[in-house]
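Trainee: Right, I'll just put the structure down here and ask away after.
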Amino acid sequence: MALKISRRNLLTIGLAGFLDLALESSRSFGASTILANGVDISWLPGYEAAGGKFYKTAKTPIDAFLLLAQSGLKVVRVRVFVNPSERNGQLTDAIALATRARAAGLDFCLDFHFSDTWADPGHQSIPAAWSRTNIDTLSSQLNTYVINTLNEFKSRNLPIAYVQLGNEIAGGMLWPLGKINGNDASSWRSFAKLYASAVSGLRSVYPSAKNILHLELGGQADTVRWWLNSANSYGVAGYDIVGLSYYPQWHGTIDQLNASLKVVAQDFRKPVLVAETAYPYTIATFGSDVIDPYKGTVAAYPATPSGQVSYIKKIQALLKALKYNNGVGVWWWEGLATEVITNGVVVWNKGMTNAALVDTKGKALSALSNMKS
């Protein structure tokens, strides 16, 4: 059905109002959100090196990327550290995974941690080789690093659909120089300077890649609103999508997640992505478990294979219900990182076994195919 509006009403509501009505109309009369769902696979090289395999049915092994593609997923995400001391976060692995993603027809997201190790809400350490005293020098180093890293992919003709310039950066990045201290104006200006430098690097190499602003605030709607308002005030710009981490263990209820999604999608009119989530399919523990099967669940969705499916369907339903078709997708964190057992001995386990999308033998769980939008 076409949207009809008189010239007089158009003059009354203005162009912005007319566009809002058009967006509302597209949803009301049959438009639907096609989600770009995905999975973080950064640990895959280590899993495969330890002898881990995957199975879609029966006992026939299947390549990890073929499994994801046949299950209907659209995106793989891979993290990269600046100068890691171990295999995790290595650029060479990221390039190899991007090459396999291209062959499988999957979109690729590069997740910059801007550190030599994990960057997260409690850790945003400046790489050892970068300046810790001069914001201008640090900004230049950041720009150069982004350009050089992305050129490693471009020189191999590897497409990059999405980029995260920093990982869970509600508190800023590259601490202490880029740390955000509440409403302190100088800290916001420093963060904005660094972020702009990273954006500049991205646009010079992959100008059409979608830039994801990744915040760890999936259940904190008021903080999301404050953060985005502050970012606008201090000129933090150049991002295309807001990505939110959401784990019930740390981020509250699903209703609280929904409130945060609505702030981004409806109040700020920005596309929003659940950039990280995971949910246990079993109450069993396997050692060093990241997700507590009791704290990391909600009552409506038990820690069972069917409960995991219901959780996935619920998150997708929230995204599809957002106004203006601003729901982007849901990305599972380390969904293929189950344990590897050889001759009865656990030879590889990174702590995500109870919340992966495959079981302990690498066989796809029902949740994996339910990630198809």
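Derivation of every value follows stated rules applied to the coordinates shown; laboratory data play no part. This structure is a prediction, so every number in the text was calculated from the model and none was measured. Using ideal geometry, Cβ is built from the backbone for each residue, glycine included, and neighbour counts are taken over all protein chains shown.
Trainee: Tell me the Kirkwood hydrodynamic radius of the range 154-202 in angstroms, computed as one over the mean inverse distance between distinct C-alpha pairs.
Mentor: 12.0
Trainee: Next question. Please order L66, L215, L177 by the number of other Cβ within 10 Å, starting at the fewest.
Mentor: Taking fewest neighbouring Cβ atoms as first place, the list is L66, L177, L215.
Trainee: Also, I was wondering about something else. Starting from the Cα-Cα distance between A185 and S140, subtract it from 0.36 nm times their residue separation and give me the gain in nm to one decimal. List each step's numbers first, then the result.
Mentor: Working: separation 45, 0.36 × 45 = 16.20 nm, distance 2.15 nm.
Taking 0.36 nm per residue and subtracting the Cα distance, the gain is 14.1 nm.
Trainee: Out of the DSSP beta bridges found with both residues in the range 40-369, what percent are antiparallel (nearest 5)?
Mentor: Beta bridges within the range 40-369, antiparallel portion: roughly 20 percent.
Trainee: If one computes the Cα centroid of the range 249-266 and of the range 115-158, what distance in Å separates the two points?
Mentor: Cα centroid to Cα centroid, the span is 30 Å.
Trainee: Please list, in order along the range 358-373, the HN-Hα scalar couplings obtained from phi with the Karplus expression 6.51 cos²θ - 1.76 cosθ + 1.60 (θ = phi - 60°), rounded to whole Hz, x for Gly and Pro.
Mentor: 10, 7, 5, 9, x, 7, 4, 7, 4, 4, 4, 5, 7, 7, 6, 7
Trainee: Rank I41, I341, I160 by mean-square fluctuation in a GNM of the chain with C-alpha springs under 10 angstrom and give only the top-ranked residue.
Mentor: I341
Trainee: If contacts are Cα pairs under 8 angstrom and at least 6 residues apart, what is the relative contact order of the range 40-369 in percent?
Mentor: Relative contact order, the range 40-369: 16 percent.
Trainee: Additional query: Could you tell me the center-to-center distance, by alpha carbons, between the range 282-341 and the range 37-91 in angstrom?
Mentor: One Cα centre to the other: 18 Å.
Trainee: Anyone know which of W226, W333, W118 comes out most mobile in the 10 Å Cα GNM of the chain?
Mentor: With Cα springs under 10 Å in the chain, the top fluctuation among W226, W333, W118 is at W226.
Trainee: Mind checking the full-extension length gain between D255 and S204? Use 0.36 nm per residue of separation minus the Cα-Cα distance, one decimal, nm.
Mentor: Working: separation 51, 0.36 × 51 = 18.36 nm, distance 3.94 nm.
Length gained between D255 and S204: 14.4 nm.
Trainee: How would you classify the chain from its alpha-carbon gyration tensor, with a ≥ b ≥ c the square roots of the eigenvalues: rounded for a/c under 1.5, else prolate if a/b is greater than b/c, otherwise oblate?
Mentor: Oblate, because a/c is 1.5 or more while a/b does not exceed b/c.
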